[in-house]
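We did not get these values from a lab; they are worked out from the coordinates using the rules stated. Quantities reported herein were computed from a predicted structural model and do not represent experimental measurements. Don't worry about glycine lacking a Cβ; one is built from the backbone with ideal geometry, like all the others, and counts go over all protein chains shown.
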Number of protein chains: 2
Amino acid sequence: MKLIVPLQSVVQGRNGFLLGSLIPCALFYFLQLYLKRRRSNSSNSSNNNNNPSSPSSSSPTPVLPRSSSRSNLSSRGSISRVRVSKLASILSKPDDSLYYIGLDRVLQDPYHVFVNPNGIIQLGLSDNKLCLDLIEKWLVKNLEGSVMGNGDMNLSINGIVPYQPFDGLNELKIALADFMHQVMGGSVEFDPSNMVLTSGATPAIEILSFCLADQGNAFLVPTPFYPGFDRDVRWRPGIDLIPVHCRSTDNFNLNITALEQAFSQARKRGVKVRGILISNPSNPVGNILTPDMLFSLLDFAEDKNIHIIADEVFAGSTYGSEEFVSIAEVLDSEYIDKSRVHIIYGLSKDLSIAGFRVGLIYSHNKTVLDAAKKMSRFATISAPTQRLVTSMLSDKRFIQEYIETNRNRIRRVHDEFVDCLTKLGIKCAKSSAGMFCWADMSGLIKPYSEKGELELWEKFMSVAKINITPGSACHCIEPGWFRICFTTISFEEIPLVIERIRKVVETCKSSS
Amino acid sequence: MKLIVPLQSVVQGRNGFLLGSLIPCALFYFLQLYLKRRRSNSSNSSNNNNNPSSPSSSSPTPVLPRSSSRSNLSSRGSISRVRVSKLASILSKPDDSLYYIGLDRVLQDPYHVFVNPNGIIQLGLSDNKLCLDLIEKWLVKNLEGSVMGNGDMNLSINGIVPYQPFDGLNELKIALADFMHQVMGGSVEFDPSNMVLTSGATPAIEILSFCLADQGNAFLVPTPFYPGFDRDVRWRPGIDLIPVHCRSTDNFNLNITALEQAFSQARKRGVKVRGILISNPSNPVGNILTPDMLFSLLDFAEDKNIHIIADEVFAGSTYGSEEFVSIAEVLDSEYIDKSRVHIIYGLSKDLSIAGFRVGLIYSHNKTVLDAAKKMSRFATISAPTQRLVTSMLSDKRFIQEYIETNRNRIRRVHDEFVDCLTKLGIKCAKSSAGMFCWADMSGLIKPYSEKGELELWEKFMSVAKINITPGSACHCIEPGWFRICFTTISFEEIPLVIERIRKVVETCKSSS
C-alpha cells in the first residue's frame, strides 16, 4: 500500500503516458491489477446498485477485441476524476430543504394500515386522494375508447403513436379551456390558442421563467411560498427569488407596500426585478386574493413594467366562503396590458391526476407563447395520456359531478381536521382553498426561532411519525407555522393523525 | 386620430398619474374607449387566434368592480412594453434552420393520398411508420389491462393517478434494460439503477448537458450531426457545439486526428471542452462506429479528461452488414473509467412510439445520476404511459416479432429506395442503420456552395413537394448532401417519391 500509492500518483500524473512506457511491464501489470480491484470495489459501493441482480457485478465480462496499438493507452487508467457542471455538483448533494427531506423520509418508511402501521404518514405533499374512486370508475369504463378512439382506427393510431405537436394537441387545449372556465365558476373564458401544454405545472413554471427573465434577474415572491418555486425558478433558469414577507397579523395577506419596499431595495442592490410570482389560491396558506388586490398587483406590475406569474393550480379546490377570481377575469374586465400577465395551471390538484403530468402556460404575450412552444419539446405530454385526458374532460357530466363531490369532500375533511386541531389548541390561518391548513404551532416551539421549529418538525417526524412542512421550507418569516396536507388521508384516518399530533403537543407542554 | 395620438403619449407618460387626474373625465372616457378598441384589434391579429370561436373576441366583457381609488391608475395604460428574456427573444423569432422550416412547411400543406395528393411529402423527420400496424394490434388487445392492471384495482389506481417517482417507475426501468439488451444483440447488460427516465430523448440530452458542462463550455460534435443537438445543448444549457468535420472521402467516418485538432484549437481560444457528443448509429449518415473507434474515443476522452455522450437511439434500427456495438459493451470489456461515459436512449425510433415520449439517460456516474434524477421533474413521463410501455416491453414474444419485422421492413424500403436513387444518378453514403439515407446531390447544385444547396432544397420543396433535410442544417462541411427519411412512407409510395425527385433531377440537368 505504502509503495503503490505514490507510484499510482506518478503513473496517473500528466506524464503518465511517457513514464508508463518506461516503467517495467511487470510492475505495471501488478499495479493495474491492484487498481482495477480497488476501483471496481469503490465504484460498486458508490454506484447505488440497489438492484440485487445487478448485471455489472454478476455477469461475466464479455471479451471485445481491440487493436494492440492502443493497449498501452488503455492500461494507463484514468488521469483524474472527470468534472461535472456546477449545477450537478449542487443538485447531487443531499437536500437541505426539510420539504424534500421529509418527502424522502416518508419513502423510506411509509405508513400502511396493515403492512406498516407504525410508518410515517404523508401530510407533506399536496396530493389529493379523496376522489380517486371517481377517477377509477371513469377509467374502468372509458379508458380504451378514450385512447384508441371508437371510429377510424387508422386515424387513432396516427394520433397517438407517431410524433404529435410538442406543445399539446388542439383537442386537449380546447378541453382544458372549457375545464378551466367551468372550475373557475363560469365567469371567465380561456382561449385555447393562448396555451402551451407541458408535462405538469412544474415544467410550465420553469419554461415561463426561462421566457421572462435572464440569469441573475429576480422575481418578487410573497412569503410563505410553495417550496417548489425555488427548484423551478432558481435551478436551471438561474433566477433569484426575493421574498416579500407577509405576516400572521394580516392572515398572511399580500400587501402592496411590502412589495414596493422589496422592489426598491432590490433596485438599490442593482438586482433587476422582472416579475412577481404569486400562487392564488395561496400555497401554503390557502387564502385567496381579492379582485381589489389583483387590480393593485396589476397596477404595481404596470408601474414597475414587470411581469405577473399567477400560479392558479388550486383554483378549483375551494371550500371556503371566499370566491376565487382568476387574474384572467380581471384582465377581461377593463383595459390592462395583458402581455405581462401569465397563468400557470394543471390537473394535478383540481382533477387530482398528478401522475398524468398535465400542466399549461396561459399567456397573451405572443413572444412568450412562441418561445414557450419551442421549449415545450423538453416537457411534452405523452399522446395516449393527452387523448385520455381530452376524453375525460369532455365528459361534462362526469366533470360536473367530480368538481362538486371533490369540493364537498375537501370541505368535510378540512372542517373536521381544523376543528380537531383547534381542540388541541392549534389554530390555523383563515383559508378557503387548497389541500392543506397553515397551522400556528408557535406556542409549541422552544426557542422561538427556526431552530425551535426544526426541533418540533423532528419530533413530528420521529415521535408522531407524520411528515408535515415547516414554515422555514416555505420561507415564512415567523417561526412555528406548519403546512399540513389533509387530502392524502381519508376522513376516517383523521383521528389517527390527530392522536399522533396530540402526543407531540403533550410532550411539548409537559416539557415547558 | 391626429388629436388622440399625441394625447395618448402624454397620458401614458411618466406623469400619467398626475395628468390623469387633471384631464377632464369626459375626454378620458372616450380616449380609453378608443384605446381599448385599438388594442383589442391589434392583439387579436397578433395573437395567432386560429381558433374560430375565440372567446376573447366573442364573449361579452364581464364587469368586475374595483375600488374607485385605483381607477385613475388603471386608465393610464401600459407605461412601456414589458421585456422578455434574451432567450425568449431569440426563440420567438422564425427558425433559420431549414430543418425546422421544412417541418413547418409540411404542416401547412401535408400530403395525403386522397385529401391533398399535391401536398408536401414528409421525408425530413425520423418517424418510423413502417410498423404502426404491429403496435396498433398490440394496443387493441392489451391497452386496458396494461394501464389498469388485471389484479388489485386499488393498487393500480394508486400506481397511475397520484404522484409517482419523477425519474420513472422501477418496473419500466427494468423492462427498458431488458429491451436494450435484446435490441443490442444480447451482448451487453444494462443496470436499471443506472437509469433516469425522461419524456423522450430530447430532454434526456438537455438534462445530461446541464449535468456535464457549465454555460459557455463546449462539446465536440462530429459532423454532419442531427440538427436537434443545437436545440438540446445550446438553447437552455448554453453549451457551445464545436463541429469536428468528417468527409465524404472517408464515408463521413470519425477520425481521431480531427478530434485532436478541434480540441487543441478550442483550448487555444480559451474554450473549455467538456465532452464529445456522438450519435451512434450516426444520424444523418447511418454508419456505425467500430469497436476499435469506440476504444479510441474512450482513450481520447480519458486523455483529455472529458465526457462522452453517446446517443444510441437508432441502436435497434439496423439493416446493414455492420453490427452495432454499444459503448456500454466496450466499457464492460476491460478497465475503463466508466464515470465519463453516458448513453442516451429512447423508444421513439427502435419501437417507433415517438408520441409516447419515452427516453432515458444511462450513466455510471453517481453525481450525474443524482442531479439528473432531480431534473427529471421537468420531464416526467405520465404514469399511464409508463404502465402501458412496461407491459408492452414485457411481452417478449411481441417484442421479438416487432424487432425482426421492423428490421426487415426498414431493410426492404432502404434497399429499394437507395436502388431507385442510384438509378437516378444519386449515390448514398454507405450505411447500416437508421431511417434515412445520406444522399450526395452535389452534382445537382450550382454554385457548389451552401447557396446552391439551399436553392436545390427549395426546388425539392416547391417543385417536387418533398421535404428533405439539407446538409447545411446538419453542419456538413461539404455542400450538396441531403438526409432523406424513408420510414415515413410505405414501400408502395416509393415510386411516387422517386418520380418527384426525378423531376428535380431532370430540371437540374437540363439547366446545366
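Quick notes on this one:
- Integer Hz, Karplus 6.51/-1.76/1.60 couplings in order for region B:404-419, x for Gly and Pro: 5, 4, 4, 4, 4, 5, 4, 4, 4, 5, 4, 4, 5, 5, 5, 4
- Percent of C-alpha pairs per 10 Å bin, region A:152-395, short to long: 7, 33, 37, 17, 5, 1, 0
- Relative to the other identical copies, A:Asp292 shows label-point distances of 8.2 nm, where the label point lies 7 Å from Cα along the Cβ direction and values run shortest first.
- Remark: label point of B:Glu401 defined 7 Å out from Cα along the Cα-Cβ vector; separations to the same position in other copies 3.8 nm, ascending.
- Two-site label geometry, A:Asn116 and B:Asn305: point separation in nm, points 7 Å out along Cα→Cβ: 4.2 nm
- Amide N of region A:322-345 lying under 14 Å from the label point, which is placed 7 angstrom from the Cα of A:Ser187 along Cα→Cβ: A:322-334
- FRET efficiency for the pair A:Arg269 and A:Arg412, taken as 1/(1 + (r/R0)^6) with r the Cβ-Cβ distance and R0 = 30 Å, rounds to 0.05.
- Shielding of A:358-366 by partner chains, average beta-carbon count, 10 Å: 2
- Residue order, fewest to most beta carbons within 10 Å, for B:Tyr319, A:Tyr335: A:Tyr335, B:Tyr319
- Multiplying each eigenvalue of the alpha-carbon gyration tensor of region A:410-481 by 5 and taking the square root yields semi-axes of 21, 13, 12 Å, largest first, rounded to whole angstroms.
- When you count the other C-beta atoms within 10 angstrom of each residue and take the mean per peptide, B:431-443, B:299-311, B:342-354 line up highest first as B:342-354, B:431-443, B:299-311.
- By the compact-protein rule of thumb, 2.2 N^0.38 Å, the alpha-carbon radius of gyration of region A:226-272 corresponds to a ratio of 1.32.
- At 7 Å out from Cα toward Cβ: B:Arg247 inter-copy label distances (nm, ascending): 7.6
- For B:424-437, mean number of other protein chain Cβ atoms within 10 Å: 0
- Net charge, A:Lys509 excluded, C-beta distance under 13 Å - Lys, Arg +1, Asp, Glu -1: +3
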